[in-house]
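Values quoted throughout were computed directly from the atomic coordinates according to the rules given, and no laboratory measurement underlies them. Predicted model, so just to flag it, every value in this text is computed and none were measured. All Cβ positions, even for glycine, are placed from backbone atoms using ideal geometry, and neighbour counts span all protein chains on display.
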Amino acid sequence: MSEKDAKPAGAGSRQKGVQSVEVTARVLEVFRQASGPLALSVIARLSGFSPSQTHAHLVSLARAGFVEQRKASGLYDLGPFSRSLGLAALARLDRFEIMRDVAETLNRETGLTVAVNVWSDNGPFVALWLKSSPPLSTNINVGSFTPMTFSAAGIIFYGRMPKEIVEAQFEREQASSSRPLDRRTIEEASAKSRKKGYAVMADTLFPGIRIAAAPLLRHDGELVAVVSLIGSAMPFQRGITDKDIEILLKTVAEATIIDG
């Protein structure tokens, strides 16, 4: 191999790549920034392609599992391969292993469904979801986005994330919500959650469901994730007890993350 052949990328020249991949990545970037499923026309406008070009890219991305089209609405969203790829990236972080240990401990000790939310460009994202036995009936699972304004996890994020970030998410959700939430309501709820160390909400995301959420923090107090217990709010069904909340708070406190 000559010195010219061995020259590293970025050292005065640009390596040859596959342009079609770089072009298609523009479509995936639209999905990355979106807060939910999108229509073909919207994807075309945001990516800068014509509708026919956009459709061609979507066909190829769907075949590879990067996107999928919802049968009922015809809208497009990130597909199973994109979701698994994102989770694989998370799994390479030491903190993700700690999140998994916390979730598994809570699931085992309480018998309740456990969710772990991390913050994304589109708000709270479900990175882990461990079901109870028998499982609760919800349409939330790994890869779902949780509304910040109508979830216990969202209340925690609102009170602990940088103000400019949560304010932007608050405005986005208000603009698309059929039941806008008064700003004072979420501010009071987040202040209460910081004082108590956890937040509880019921009958918001799903009727008959009660959720208790607590922050998982770094050693310096920075929020890493929000861990939630999900139980029934219906009489004579397995709900969240005071003992469950004690276990939740104890578990997240003992799992303080020390990393950079």
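Just a few scattered comments:
- Counting beta carbons within 10 Å around each of Met99, Met234 and listing the fewest first gives the order Met234, Met99.
- Overall form of the range 154-260 per C-alpha gyration tensor (a/c, 1.5; a/b vs b/c): oblate
- Difference of contour (0.36 nm per residue) and Cα-Cα distance, Ala191 to Ser20: 56.7 nm
- Most fluctuating residue given options Tyr76, Tyr158, Tyr198, as computed from a GNM of the chain linking Cα atoms under 10 Å: Tyr76
- Estimated purely from DSSP H runs of n ≥ 4, each contributing -39500 (n - 2.57), the mean residue ellipticity at 222 nm for the chain is -14000 deg cm²/dmol once divided by its residues.
- Residues Ser178 and Ala253, FRET efficiency given R0 of 30 Å [Cβ-Cβ distance, rounded to 0.05]: 0.20
- Stretching Asn122 away from Gln53 to a fully extended chain increases their span by 22.2 nm, per 0.36 nm per residue minus the current alpha-carbon distance.
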